[in-house]
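The next block holds one structure in the form of structure tokens; read it before the comments.
Nothing in this text is a laboratory measurement; each read-out follows from the coordinates by a stated rule. Bear in mind the structure is a predicted one, so any value in this text is a computation, not a measurement. FYI the Cβ positions are ideal-geometry reconstructions off the backbone, even for glycines, and counts take in every protein chain you see.
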Amino acid sequence: MNIGFHRVRVWDLPTRLFHWALMLCVLGAVGTGLVGGTAMIWHFRLGQAVLALLAFRLVWGLVGGRWSRFASLPLSPRSLLAYLRGRAGVSLRTGHSPLGALAVLGFLLVLATQVATGLVSDDEIAWLGPLSHLVSNATVSAATSYHRFWGKWLILSLVLLHLLAITWYSMRGHKLVPAMIHGDKTLDEPMPASRDDRASRLVAALLFGLSVALSVWVFSLAPAGF
């Protein structure tokens with residue numbers, strides 16, 4: 001038995017590209033939001049990119065590679081308890097761990113909320129969200145307050161937590177960053193691989209194109225002169 005030498009494609013290329021693109025766009029959006037002024041032009045552009053990426057990930061979580069699908073996330077209390085007790089089988093160590101699964105869903109939810117509130121925010125100076133004219137003033141005020149304070153710091157906290165988790169896992173011999181670059185993991189038992197062929201990548205490219213079109217359409221709803 002070749003223990004420890006089962007190399008499995010876990011993260012398909014579309015998932016890997018999504019991960020790194022989202023990281024860059026989120027950090028860029030936070031940075032330009034903090035700078036303000038003319039940097040807000042890029043804040044809006046990066047927010048538009050994040051919207052497209054989130055739309056893509058939502059669909060890819062249904063039809064993507066095996067370990068990228070939401071159905072593969074080990075979210076049951078039994079899985080979480082087994083993992084915390086150190087009794088996780090290879091299936092809980094292949095894709096996202098139970099804690100990682102919770103982090104993924106939490107991150108996506110927080111980012112979706114941040115994008116949604118940004119779409120209807122208004123800084124009362126020079127910048128307003130493209131959909132702010134479609135909701136009440138009270139909604140705009142509440143969304144702006146969340147987007148500029150709670151949402152921003154929640155995202156930064158999650159990023160920090162993510163970095164700490166990566167460091168902790170790396171110290172225990174789990175190289176998460178390389179796996180998200182080349183897509184493979186070396187396991188002590190054979191496990192089904194994620195589909196990552198030319199056909200699936202073409203489907204992903206089509207879905208991402210549709211996601212970009214959706215994001216562009218949302219921003220096109222802004223009033224004239226936006």
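Miscellaneous remarks
- Packing, taken as the mean count of other beta carbons within 10 Å per residue, orders the peptides 107-116, 208-217 from highest to lowest as 107-116, 208-217.
- Low-density loop cleavage sites - trypsin sites (Lys or Arg not before Pro) in segment 151-218, where at most 10 other Cβ are within 10 Å (DSSP): Arg172
- Coarse-grained scattering of the chain at q = 0.14 Å⁻¹, given as base-10 log I(q)/I(0) from a Debye sum over alpha-carbon atoms: -0.93
- Ranking Ala205, Ile181, Leu160 by Cα position along the charge dipole of segment 136-221, where only Lys, Arg, Asp and Glu carry charges on their C-beta atoms, puts Leu160 farthest toward the positive end.
- In segment 95-226, one over the average inverse separation of all distinct C-alpha pairs is 18.2 Å, which is the Kirkwood hydrodynamic radius.
- Kyte-Doolittle at least 0.0, axis length at least 24 Å by Cα - qualifying DSSP helices, the chain: 13-35, 40-63, 98-119, 151-171, 198-220
- Proximity of backbone amide H atoms, modeled 1.01 Å from N, is registered between Leu187 and His6, Arg7, Val8 at under 5 Å, excluding neighbours fewer than 5 places apart on the same chain.
- Residue-averaged 222 nm ellipticity for the chain, from DSSP H runs of 4+ at -39500 (n - 2.57), nearest 500: -20500 deg cm²/dmol
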